[in-house]
Each structure stands twice: as C-alpha cells, then as structure tokens.
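The values are calculated or read from the model by the stated rules, or taken from the named source; none is laboratory data. For clarity, every value in this text was computed on a predicted model and none was experimentally measured. Glycine gets a Cβ as well: all are built from the backbone with ideal geometry, and neighbour counts include every protein chain shown.
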Amino acid sequence: MTMSIGTMTARPARGPLAGLVAHLVLSTALAATTGLTGSGWVAGIAYAIALYVLLRTGLERAGMRALGAANAVTLGRAVLVGGVTALVVTSFSQSISLPVLVTLVGVALALDGVDGQVARRTGTTSSLGARFDMEIDAFLILVLSVYVGSTYGWWAIAIGAFRYVFVAAMWAAPWLNGALPPKFSRKVVAALQGVVLVVVTADLLPHGLSFAALAVALISLTWSFGRDIAWLRRTELTRRTATARTPLTRRIPAVRIPSQRRRRTASANV
C-alpha cells in the first residue's frame, strides 16, 4: 500500500494533537512563571484531552482531513481557554497572576471574530467550525463565571451554566432543539456576558458596581433564554394543534390495492 505525503500530513488527528501539545507547552510555561497547583494541572490536562477527543471525532464525522485556517485559529483560542481553566482552578488554593489571566482571556476574546473572517474569506465555512467556535465561547464564559463566583457569590455561575442547563433540558423536552429566528438582541446579550465577565475578572470596577454588572448580565441572559423558550413552546403547541386537526385519512398514507382486473391480468401474464 502506498501513502503520499499529502495523505500523511492531512490526517484528522494531526490538528487536535497539535492543540494537545500546545496546551502542554502553555501549562508548563504557566507553571514556571505564575505557578499551578496539582488540581490546576489536572483540570487543564482533562480539558486538553477532552478537546483532542471531541475535535478529532468531529473532524472524522465531518469527513474533514485537516482543520483549515479558520479552525486553526479557533484551536489557538481553545488552547488559551485551557490555560485560563488551569489558572482558575489554581486560584481556589493559591493566588494567581491577574495580569496573566486577563491577558489570556483578552487574547482569546480578541481572536473570537478572526476565525469567522478567515472562514468567510477563504470560503471554508462549515457547521463544524461554527459549533467549535460556539463551544469554546460557551466554556470560556463558564470558567470566568466560576472565577467571579468565588468572590461575588456562586449565583454568578448561572451566567455560564445557563446554556449547559438548556442543552441538558433538550433531552427531556426535544422541542427545545427547534430552530430559532435570528435576533440581534440575542447577540447583544451574548456579547454583554463576555464584556461584563472580563471587566469583573480584571477588577476594573468597585465591588458594588461589579456586583450590579453581574446581576444585570444574569437578568438579561434570563430574559433572552426565557423569550426563546417561550417562542419554541408556542411553535411546538402550534405544531401539535395543526397535527391534531389534520384528518386521519390525510395523516396515514393511502395503500394502493390492485384492482381485480389488474390481478387477473397479472395472473394471465404469469
């Protein structure tokens, strides 16, 4: 069996593996400069392994042999989020360098729009890339909400946990998985969560203002999710009502039974 160099260098595992190695390099650098606890190391490594497995599985299912430029940018963001995760878990046991944490978060957020632009300019947009980008954003919000929750109250974790609770609820109520109409306000609310969490993480506001900003972010997120859930529920009820009013004869496909004459003709031909 012959194997070309192009085939060897385009294996689906190569991109995810590069991300795993990059995370190890970043974690080593953080441990040498700012310090990481054992739990921080474990959390970071667990995140990196999960990223490797999920990304490789996604590439194989999508039939993609390489990440592409846009997904490579997203992978870089994902590696930075892994470093943020290790630092946040470390902060539970010892103090960490706030400038380093804010820098990692800031760069990860700054690159958020870059991968989309690269995908559009190179014509390499894909459902995998969109999902990859969304999941990294969601996990970063969750990690930051955990970090600020240790100072301002664990209720703040709801900011990051909201989406994961919504996804879990889809198992019990599949109608929540319906398509939502595009809303500009939904994008504004999502951006607000990131901005507020970064500002609070960087400790740029007095404690009272930071508390109020987190409360506003959570209230706006609750409103956004509540509105979407209400819309999905109305859509599902409308669908059920339309199905119930449809005559039974229209819902059950008719079965064609050959006439007596056709059956006789068929017998004669045999």
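What is the residue count in segment 149-163 for residues that are touching a helix residue (DSSP H, G or I) at 6+ places or on another chain (Cβ under 7 Å) and either under 23 Å from residue 186 (Cα atoms) or among the acidic types (Asp, Glu) (or both)?
We begin by selecting, within segment 149-163, every residue touching a helix residue (DSSP H, G or I) at 6+ places or on another chain (Cβ under 7 Å); these are 149, 152, 156-163.
Add one more test, that the residue is either under 23 Å from residue 186 (Cα atoms) or among the acidic types (Asp, Glu) (or both), and what stays is 156-163.
Summing the residues that are touching a helix residue (DSSP H, G or I) at 6+ places or on another chain (Cβ under 7 Å) and either under 23 Å from residue 186 (Cα atoms) or among the acidic types (Asp, Glu) (or both) in segment 149-163 gives 8.
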Exercise for the section: Considering (1) on the phi > 0 side of the Ramachandran plot; (2) out of contact with any Ser or Thr (no Cβ under 9 Å at 6 or more places or on another chain), say which one residue 95 fails and leave the rest. Expected result: (1)
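Please work out which residue is farthest from residue 207 (Cα to Cα), limiting yourself to segment 144-166 and to residues that are surrounded by 12 or more Cβ atoms within 10 Å (Cβ to Cβ) and under 14 Å from the mean Cα position of the chain (by Cα). Steps first, answer last, please.
If we filter segment 144-166 for residues that are surrounded by 12 or more Cβ atoms within 10 Å (Cβ to Cβ), which is where we start, we get 144-153, 155-164, 166.
Right, trim to under 14 Å from the mean Cα position of the chain (by Cα) and you get 160-164, 166.
On the way: 160: 20, 161: 23, 162: 24, 163: 26, 164: 28, 166: 30 Å.
Ranking the candidates gives 166 first.
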Problem - Matching residues, segment 89-147, being closer than 30 Å to residue 61 by Cα, touching a residue at least 12 places away in the same chain (Cβ under 8 Å) and of a type in the set (S, T, N, Q) - result: 122, 124, 125, 126, 127
Exercise for the section: For segment 183-213, name all the residues that are β-branched (Val, Ile, Thr) and either more than 26 Å from the chain's Cα centre (by Cα) or loosely packed, with under 15 Cβ neighbours inside 10 Å (or both). Expected result: 188, 195
Completion exercise
Of (1) exposed (fewer than 12 other Cβ atoms within 10 Å of the Cβ); (2) over 17 Å from residue 134 (Cα atoms); (3) among the basic types (Lys, Arg), residue 233 satisfies every one except (1)
Handout entry: Flag for residue 24 being modelled with pLDDT of 90 or more, buried (at least 20 other Cβ atoms within 10 Å of the Cβ) and out of contact with any strand residue (DSSP E or B) (no Cβ under 6 Å at 6 or more places or on another chain)
Key = no
Completion exercise
Scanning segment 98-134 for residues that are of a type in the set (Asp, Glu) and over 19 Å from residue 147 (Cβ atoms), the one modelled with the highest pLDDT turns out to be 133
